[in-house]
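The values are calculated or read from the model by the stated rules, or taken from the named source; none is laboratory data. This is a predicted model, so every value here is computed, not measured. Glycine gets a Cβ as well: all are built from the backbone with ideal geometry, and neighbour counts include every protein chain shown.
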Amino acid sequence: MEILLTPLGTSPGVLYTLIKRLNPDRVIVITSKKGEEKLPEICEKAGFDHNKIKAYLFDDPYTGFEEIAGVIKRMISDFPVDITSRITVNLAGGTSFLQYVTGEFSEVLESKKLDVTKVFAVDRRDFALQKAEPYVVGEVVELPGEDSWER
């Protein structure tokens, strides 16, 4: 099973790109109520079944640190921990805080010895163009493994 874990702000292009490029079986989204409202449109544009997405919401997507423990606890209890699952974690998109939470949950998954690949979804177009036409497939760039960094 291919699972995508990603933060989502109010710009739909990141999730659209990830769905179109990766075609995951399930999508786990870390977002806010405002971001969640974008999901039906993103799914429609991407031709993706909205029922394959589970959203975890933060009331404060900028500094909701007091919400982290509760949200991660729900994610751990809900997450389909299948050792054969391949998990792609996108670390781009959404607010810095939502990216932080995504990274923290990624570490939880890695501690369970699951197959985790980290990526960035990238749209190299000018920001004004991204806003005007968000439904353009960008790039998905895999992050190098920690062992590839020079120490």
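Between S106, S111, the distinction of being among the polar types (S, T, N, Q) and without any contact (Cβ under 8 Å) to a residue 24 or more places away in the chain belongs to S111 only. The residues in region 46-67 that are surrounded by 12 or more Cβ atoms within 10 Å (Cβ to Cβ) and among the charged types (D, E, K, R) can be counted, and the count is 4. Taken together, the residues in region 14-34 that are assigned to a helix (DSSP H, G or I) and within 18 Å of V89 (Cα to Cα) amount to 9.
A count restricted to region 26-59 and to residues that are closer than 24 Å to Y100 by Cα and not aromatic (F, W, Y) stands at 21.
If you go through region 57-83 and keep only what is under 20 Å from R26 (Cα atoms), more than 17 Å from the chain's Cα centre (by Cα) and outside any loop (DSSP other than H, G, I, E, B), you end up with K73, S77.
Filtering region 87-114 to residues that are within 17 Å of K54 (Cβ to Cβ) and outside any loop (DSSP other than H, G, I, E, B) leaves I87, T88, V89, N90, L98, V101, T102, F105, S106, V108, L109. With the structure loaded, tell me whether I42 is surrounded by 14 or more Cβ atoms within 10 Å (Cβ to Cβ) and under 13 Å from I28 (Cα atoms) or whether it fails that test. When the stated conditions are applied, I42 does not pass them. Against the list (1) touching a helix residue (DSSP H, G or I) at 6+ places or on another chain (Cβ under 7 Å); (2) part of a loop (DSSP other than H, G, I, E, B); (3) surrounded by 11 or more Cβ atoms within 10 Å (Cβ to Cβ), the condition R125 fails is (1). Checked against (1) surrounded by fewer than 17 Cβ atoms within 10 Å (Cβ to Cβ); (2) on the phi > 0 side of the Ramachandran plot, G94 passes all but condition (1).
Of all residues being in contact with an Asp or Glu (Cβ under 6 Å, 6 or more places away or on another chain) and either modelled with pLDDT of 95 or more or assigned to a strand (DSSP E or B) (or both) in region 1-13, which is surrounded by the fewest Cβ atoms within 10 Å (Cβ to Cβ)? Just the residue, please. Selected residue: E2. Is it the case that region 47-68 has a residue that's closer than 16 Å to L18 by Cβ and touching a residue at least 60 places away in the same chain (Cβ under 8 Å)? Checking region 47-68: not a single residue is closer than 16 Å to L18 by Cβ and touching a residue at least 60 places away in the same chain (Cβ under 8 Å).
The one condition from (1) in contact with a strand residue (DSSP E or B) (Cβ under 8 Å, 6 or more places away or on another chain); (2) surrounded by fewer than 18 Cβ atoms within 10 Å (Cβ to Cβ); (3) of a type outside the set (D, E, K, R); (4) closer than 17 Å to A55 by Cβ that T117 does not meet is (4).
Evaluate the following for Y135: is it under 23 Å from T10 (Cβ atoms), among the aromatic types (F, W, Y) and loosely packed, with under 12 Cβ neighbours inside 10 Å? Considered against the rule, which asks whether it is under 23 Å from T10 (Cβ atoms), among the aromatic types (F, W, Y) and loosely packed, with under 12 Cβ neighbours inside 10 Å, Y135 comes out as no. When every residue of region 77-93 is checked against the conditions, at least one turns out to be under 17 Å from G9 (Cα atoms) and of a type in the set (S, T, N, Q).
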